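Undergrad: A single structure is presented below for examination.
The values are calculated or read from the model by the stated rules, or taken from the named source; none is laboratory data. What you see is a predicted model, and the numbers here were worked out from it, not measured in a lab. Here the Cβ is made from the backbone with ideal geometry for all residues, glycine too, and neighbour counts use every protein chain on show.
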Amino acid sequence: MKVLPLPEGNYTVDKSKKAIPYQPGIDSMKDRPGSVYVSVQPFLVIKENYKILLDTGFGKSTDNELAIVSNLKKNGIKREEITHVFLSHLHKDHCGGIFMEIEKSYKLSFPNAIHVVNRNEFELALSDRKNYPEPEIFEELQRSGMLEFTEGNGTILPGVDFEMSGGHTPYHQVFYLRDSANTFFFGGDVVPVVNQLLHLFTANYDSDGVTSRELRKKYAQKGAEENWTFLFYHSQTPAIANLGTYNGAYRVKTISNSDNM
Ligand SMILES: [Zn+2]
């Protein structure tokens, strides 16, 4: 199995949840009071004959091409080759790359991929305008016929399991991708950055902050015990890491891209 981060870029998100691109070294947080800084980074997993995306980014384009598509090209992969898109949840920064504009109409960015979404998350995204302001995207995805629903916990492909975690959104899901050597864990927005495994706190952007915090505690313990490789969607350094324990505390071992190729 091979896992590659596909960094889309950095943003600040203001109180109205609007994301504005942020270039470190050029932009300043002082000019954006009350905003939160986030990196956005989907992952590509190549597992046997499957090419899987873990979330799809905001859908930022440069020169008429989606960042995720140009990142795939840099790795020698065409968007048509993607077989699966696994979605942790349907906030815009995780699913905005599902569609791209081609000749003034919106088409699936990954036309041959099965898009895997939790059924209740999908229904919520159609009705909750506050947290999911663009229901048209989801209606379009349903019309495409390339949508597959998950419910609760289960297996999607050999060695690929999903687990309905809740916490960040009521039906947020996480993914485990296993081969004989490794367990890769994609915790979406329940485990967006490594620090949240090391320092437990409740976050006000979670629909259920206490559940999220307790989940992080559980994932950190289990992940350290079983030597999981964590994939962090909102952090570029580290994007991929193991947790070890040393003198009773967790220690982060960053994994570079080349280590798992
Ligand atoms: Zn989210």
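Undergrad: Are there any strands (runs of 3 or more DSSP E) wholly within the range 1-117 with 2 or more residues that are exposed (fewer than 15 other Cβ atoms within 10 Å of the Cβ) and not aromatic (Phe, Trp, Tyr), and if so which?
TA: The qualifying strands (runs of 3 or more DSSP E) are 19-21, 99-102, 105-108.
Undergrad: Another one. All but one of (1) away from the ligand (no atom under 13 Å from the Cβ); (2) within 15 Å of the chain's Cα centre (by Cα); (3) not aliphatic (A, V, I, L, M) hold for residue 217; state the number of the condition that does not hold.
TA: Evaluating residue 217 over (1) away from the ligand (no atom under 13 Å from the Cβ); (2) within 15 Å of the chain's Cα centre (by Cα); (3) not aliphatic (A, V, I, L, M) leaves (2) as the failure.
Undergrad: Going through 72, 90 one at a time, which residue ends up being modelled with pLDDT of 95 or more and within 16 Å of the ligand (Cβ to nearest atom)?
TA: 90
Undergrad: In this structure, does residue 175 turn out to be crowded, with 19+ Cβ neighbours inside 10 Å, at pLDDT 95 or above and part of a strand (DSSP E or B)?
TA: yes
Undergrad: Can you name the number of the only condition in (1) on the phi < 0 side of the Ramachandran plot; (2) out of contact with any Leu (no Cβ under 8 Å at 6 or more places or on another chain) that residue 6 fails?
TA: (2)
Undergrad: Given the condition charged (D, E, K, R), surrounded by 18 or more Cβ atoms within 10 Å (Cβ to Cβ) and modelled with pLDDT of 90 or more, answer yes or no: does some residue in the range 223-244 qualify?
TA: Looking through the range 223-244, none of the residues is charged (D, E, K, R), surrounded by 18 or more Cβ atoms within 10 Å (Cβ to Cβ) and modelled with pLDDT of 90 or more.
Undergrad: In the set 174, 160, 194, which member is within 16 Å of the ligand (Cβ to nearest atom) and in contact (Cβ under 8 Å) with a residue 24 or more places away in the chain?
TA: Only one candidate qualifies: 174.
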